[in-house]
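Remarks on the structure that follows.
Laboratory data are not the source of any read-out in this text; all were calculated from the coordinates shown. The structure presented is a predicted model; accordingly, all values stated were derived computationally and were not measured. Note: ideal-geometry Cβ built from the backbone for every residue, glycine included; neighbour counts use all protein chains shown.
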Amino acid sequence: MGTTRTKGIDRNRFKKVYSRFRALPRPGFHADGDVLIEAVHVNFSQQSLKTVRLEGHYPSVPSVAVTPVGDINNVNLFISSVNIDSVPSGTGNILVTIEASDSFTGVVHLQAVSS
C-alpha cells in the first residue's frame, strides 16, 4: 500500500494581501495523493451490535475508528469486522460492524480514511 502525505494549510494565506485587518483562517489540508475520508453518525437504541454500510467506493479496506458522543459509562465500543464487497471496477462498498460491551442508547461517530 502506498503512502500519502497530508499537510494542514490556511486557505487565506495563498496570496499576499496588505489589508488593515487579517482575515480569519480557513483551515484545510493538502495531500499529494488521493485521500477518501468519510464520517458517519451511528445511532444505538438499546443495542449492542450495529452494522453500517459506507457510501464511498474504496479500492482497499480503509482505516476505521469509532468514538462515542456524550457520557457513556462502563460501555466499551470496538470494531469487530470491516469487510469489502468487490465489484468489477476494482472498488467496493465497505461493511463495518460495531459492537458494544453492553446494550446502550446513544450516538457513535465513525470515521473511515483510505489513501
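Does Gly92 satisfy being in contact with a Leu (Cβ under 6 Å, 6 or more places away or on another chain) and either aliphatic (A, V, I, L, M) or at negative phi (or both)?
Values: in contact with a Leu (Cβ under 6 Å, 6 or more places away or on another chain): no; either aliphatic (A, V, I, L, M) or at negative phi (or both): yes.
So Gly92 does not fit the description; no.
Val61 - would you say it is surrounded by 10 or more Cβ atoms within 10 Å (Cβ to Cβ), out of contact with any helix residue (DSSP H, G or I) (no Cβ under 9 Å at 6 or more places or on another chain), not charged (D, E, K, R) and not in a strand (DSSP E or B)? Spelling it out, Val61 is indeed surrounded by 10 or more Cβ atoms within 10 Å (Cβ to Cβ), out of contact with any helix residue (DSSP H, G or I) (no Cβ under 9 Å at 6 or more places or on another chain), not charged (D, E, K, R) and not in a strand (DSSP E or B).
Just give me the residues in region 30-58 being aliphatic (A, V, I, L, M), loosely packed, with under 15 Cβ neighbours inside 10 Å and in a strand (DSSP E or B), in sequence order. Steps first, answer last, please.
The initial filter retains those residues of region 30-58 that are aliphatic (A, V, I, L, M), namely 31, 35-37, 39-40, 42, 49, 52, 54.
Checking the rest, the ones that are also loosely packed, with under 15 Cβ neighbours inside 10 Å come to 31, 35, 37, 39, 49.
Matches in region 30-58: Ala31, Ile37, Ala39, Leu49.
Being loosely packed, with under 13 Cβ neighbours inside 10 Å and part of a strand (DSSP E or B) is the filter here; which residues of region 66-82 pass it? It would help to see each step written out before you state the result.
Restricting attention to region 66-82, the residues satisfying the condition of being loosely packed, with under 13 Cβ neighbours inside 10 Å are 67, 69-71, 73-74, 76, 78, 80-81.
Of everything in region 66-82, those that are loosely packed, with under 13 Cβ neighbours inside 10 Å and part of a strand (DSSP E or B) turn out to be Thr67, Phe78, Ser80, Ser81.
Quick check on region 3-13. Is at least one of its residues in a loop (DSSP other than H, G, I, E, B), exposed (fewer than 11 other Cβ atoms within 10 Å of the Cβ) and in contact (Cβ under 8 Å) with a residue 12 or more places away in the chain? Yes, region 3-13 contains at least one residue that is in a loop (DSSP other than H, G, I, E, B), exposed (fewer than 11 other Cβ atoms within 10 Å of the Cβ) and in contact (Cβ under 8 Å) with a residue 12 or more places away in the chain.
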